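Remarks on the structure that follows.
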Amino acid sequence: MGKWAPFWPPKAVAISLLVWVTAAAAGGIPTTLGGPFEPVTVPLSDEAFRGHAVDLPDSDPRVQRRVRGWEPEQISVSLSATEDSVWISWITGEFQIGEGIEPPNPTTVASIVCYGNSENSITYEATGYSLVYDQLYPFEGLQNYTSGIVHHVHLTGLKPETQYYYQCGDPSLPAMSEIHAFKTMPTPGPQNYPRRIAVVGDLGLTYNTTSTVDHMTSNQPDLIVLVGDVCYANMYLTNGTGSDCYSCTFSETPIHETYQPRWDYWGRYMEPVISEIPMMVIEGNHEIEQQAENKTFVSYNSRFAFPAEESRSFSTMYYSFNAGGIHFIMLGAYISYDKSGEQYKWLERDLANVDRTVTPWLIATWHPPWYSTYKAHYREAECMRVEMEALLYSYGIDIVFNGHVHAYERSNRVYNYTLDPCGPVHIVVGDGGNREKMAMDHADDPGHCPDPSTTPDEYMGGFCAFNFTAGPAAGKFCWDRQPEYSAFRESSFGHGILEVKNETHALWTWHRNQDMYGSLGDQIYIVRQPDKCAVKHQVN
């Protein structure tokens, strides 16, 4: 069992902290030690980058099928819970959409990965499993979908921080992929970290997405964290007709349709990136995709491999993993998060097992933000915050990443809407480039405070957002100015890069798409103070 206790850093850590503070000050980069900062809102100087985004059409060569027969496509790498294993995923065969379709037999093609330490020495072999999934709409005029064969193979016994080369497919046909390469994560430890971690949200598959991905890959990340809303297949009817209006287009249909080939297009477009850079994803609301028999999240759960079992989770909707000295907690906002539920109980156990002397950094992600000052989705996830915030705070969560709101925002350290030097920094990166509108209105702008009755989470059905009872906004549902917990906000498409330098300092940089690749929109050192903030930690 854990207990309250301060964690005092060794002398070397204190010296390291002083070095980074000095270096940051000399370079002009602010640190959270200098906060809380006065709120900043970047004005809308170029609305051309802040309107609708246009989806890539299915005629774009980047989303068309480029393989033959049973050759693998949509290849991706994802991490397991520990540094000595990864998952390789891919699809073989063609999807089918329409009526009278015949699902392929998953046993037709084997799930095999051949790998090794060089292109000329691919001597190891691992076998996995395969599946086929359906998206069914038994209504007149709506078309059903059956996927190709989805393969997942777990590679184990790998060396940390090591480059591996691999081919996937079925060598007996033969139908093998080209040779790809990935690098494993460092061993957990207070001085061991991946160089750069890209964080993106609400990516979609638009021309703005391509700008985001180009910027992101130019920064050469070792890991990509996608905080929900992947391809926006549910912005289309089953006949492939797209819509910019999430609700009005589907008001006459018996069920909210999705156009599943958009998933295949997204996988093809992203393959050159995620076949070599591991990507970890958590579900967003656009992954719900309800179909016949009230099934949800079928495509999301089928296409990605998750370290759920390895992290002792009850569900693929929430899990955890290590990336060197960082422990990532991926939480599900569209599955029960009540204190009496399985996810909350799992979270308690997972947090209790984190050894901060080994993984000093604790980072949490889920899709809808608790701290966003935009009108869009304002306080929508309040019930989740009420249930889980105190638990996360008690274990000293350092950073929270969210999406959902299509803009960028970084908070001061905050807990329960109050500035708190031991609270986490909340960062919203729902600005990846999807086809829905960029969020531009703020809840504190005159006339833009939403009606409280419109704010509950439609999917989870919760209503917990009431007028504030204390602080500058007491008696009101919205602030009348940018809240003090909001440090920086801007309505632009972009992505972020996290560089953890040591056990106390991490450099966060947000890049807006319209800038040159080498420039930045927001940058700060996030500094942990384990000597001042008492946290629960594992007691052996």
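Taking a ≥ b ≥ c as the square roots of the Cα gyration tensor eigenvalues, with a/c under 1.5 meaning rounded and otherwise prolate when a/b beats b/c, else oblate, which class fits region 151-252?
Oblate shape, in that a/c is at least 1.5 and b/c is the bigger or equal ratio.
Once you list every other residue whose beta carbon is under 15 Å from the beta carbon of W510, what net charge do they have if Lys and Arg are +1 and Asp and Glu are -1?
Spelling it out: positives minus negatives among the neighbours equals -3.
Hey, if you put +1 on the Cβ of every Lys and Arg and -1 on every Asp and Glu Cβ in region 102-248, which of S211, Y129, H180 ends up farthest toward the positive end of that dipole?
The Cα lying farthest towards the positive end belongs to H180.
What relative contact order, as a whole-number percentage, does region 363-437 give when Cα pairs under 8 Å and 6 or more residues apart are counted?
32 percent.
Would you compute, for the Cα atoms of region 303-443, the largest minus smallest coordinate along each principal axis and list the three values in descending order, in whole Å?
Sorted from largest, the Cα extents of region 303-443 read 41, 40, 31 Å.
Rank A233, H377, Q523 by how far each Cα sits towards the positive end of the charge dipole of the chain (+1 on Lys, Arg Cβ; -1 on Asp, Glu Cβ) and give me just the farthest.
Of the options given, the answer is Q523.
For the chain, what proportion of DSSP beta bridges, expressed in % and rounded to the nearest 5, is antiparallel? Don't jump to the answer; show the numbers that get you there.
Numbers: 72 of 94 bridges.
Looking only at bridges with both residues in the chain, the antiparallel portion is about 75 percent.
Could you list, by residue number, the cysteines of the chain that have no other cysteine's beta carbon within less than 4.7 Å of their beta carbon?
That list is C114, C168, C231.
Give me the Kirkwood hydrodynamic radius of region 250-332, using the inverse of the mean 1/r over all pairs of distinct Cα atoms, in Å to one decimal.
14.7
Lysine pairs in the chain 8 or more apart or on different chains: how many have alpha carbons under 30 angstrom apart?
Lysine pair count for the chain: 26.
Probe radius 1.4 Å, ligands and nucleic acids ignored: give me the carbon and sulfur share of the accessible area of the chain as a rounded percent.
Carbon-and-sulfur percentage of accessible area, whole number: 51.
With every protein chain kept in the model, how would you rank Y459, Y525 by accessible area, 1.4 Å probe, largest at the top? Mind dumping the intermediate values first?
Working: Y459 95, Y525 15 Å².
Heavy-atom accessible area, descending, gives Y459, Y525.
So what is the relative contact order of region 258-375, in percent, for Cα pairs below 8 Å that sit 6 or more residues apart?
Once normalised by length, the contact order is 23 percent.
Starting from the Cα gyration tensor of region 68-191, take the square roots of the eigenvalues, sort them a ≥ b ≥ c, and report rounded, prolate or oblate (rounded when a/c is under 1.5, otherwise prolate if a/b is larger than b/c, else oblate).
Taking the square roots of the gyration eigenvalues as a ≥ b ≥ c, region 68-191 is prolate.
Under the classification rounded if a/c is under 1.5, otherwise prolate if a/b is larger than b/c and oblate if not, where does region 413-540 fall, given a ≥ b ≥ c as square roots of the Cα gyration tensor eigenvalues?
Because a/c hits 1.5 or more and a/b fails to exceed b/c, region 413-540 counts as oblate.
From the backbone phi of region 423-439, what are the Karplus-calculated ³J(HN,Hα) couplings (6.51 cos²θ - 1.76 cosθ + 1.60, θ = phi - 60°) in whole Hz, Gly and Pro given as x?
Coupling constants for region 423-439: x, x, 8, 9, 10, 9, 10, x, 10, x, x, 5, 7, 6, 5, 5, 6 Hz.
For the chain, with the dipole built from +1 on Lys and Arg beta-carbon atoms and -1 on Asp and Glu ones, taken about the Cα centre, which of N301, L419, V535 lies farthest toward the positive end?
The one lying farthest along the dipole's positive direction is V535.
If you keep only loop residues by DSSP, which trypsin sites (Lys or Arg not before Pro) in region 231-301 have at most 16 other Cβ atoms within 10 Å of their Cβ?
Sparse-neighbourhood loop trypsin sites (Lys or Arg not before Pro): K295.
Can you compute the charge dipole magnitude of the chain about its Cα centre, using +1 on each Lys and Arg Cβ and -1 on each Asp and Glu Cβ, nothing else charged? Give it in debye, rounded to the nearest 20.
1700
In the neighborhood of I112, defined by Cβ-to-Cβ distances under 14 Å, what is the net charge if each Lys or Arg adds +1 and each Asp or Glu adds -1? List each step's numbers first, then the result.
Working: positive: none; negative: E71, E125, D170.
So the surrounding residues net to -3.
Go ahead and estimate [θ] at 222 nm for the chain from helices alone: -39,500 (n - 2.57) per DSSP H run with n ≥ 4, summed, over the residue count, rounded to 500.
Theoretical 222 nm ellipticity from helices: -4000 deg cm²/dmol.
Considering only the other residues whose Cβ falls under 13 Å of the Cβ of L173, what net charge follows from Lys and Arg at +1 and Asp and Glu at -1?
Net local charge, L173 excluded: -1.
Counting only residues 5 or more places away or on other chains, whose amide H sits under 5 Å from the amide H of V40 once H atoms are built in the peptide plane?
Here the answer is F488, R489, since their amide H atoms fall under 5 Å of that of V40.
Using only the Cα atoms of the chain, what semi-axes does the equivalent ellipsoid have when each is the square root of 5 times a gyration tensor eigenvalue? Give whole Å, largest first.
After diagonalising the Cα gyration tensor, the semi-axes are 36, 29, 22 Å.
Of the chymotrypsin sites (Phe, Trp or Tyr not before Pro) in region 144-248, which ones lie in a loop per DSSP and count no more than 15 other C-beta atoms within 10 Å?
Counting only loop positions with at most 15 other Cβ atoms within 10 Å, the chymotrypsin sites (Phe, Trp or Tyr not before Pro) in region 144-248 are Y246.
Sort 366-373, 146-153, 387-394 by the packing proxy (mean of other Cβ within 10 Å over each peptide's residues), most packed first.
Put in order of decreasing packing, that is 366-373, 146-153, 387-394.
The values are calculated or read from the model by the stated rules, or taken from the named source; none is laboratory data. Predicted, not measured: the structure shown is a model, and the values here were computed from it. When we count neighbours, we look across all protein chains shown, and the Cβ atoms used for this are built from the backbone with ideal geometry, even at glycine. Keep in mind that these areas ignore ligands, DNA and RNA; they rest on the heavy atoms of the full protein, side chains included. Shrake-Rupley method; radii C 1.70, N 1.55, O 1.52, S 1.80 Å.
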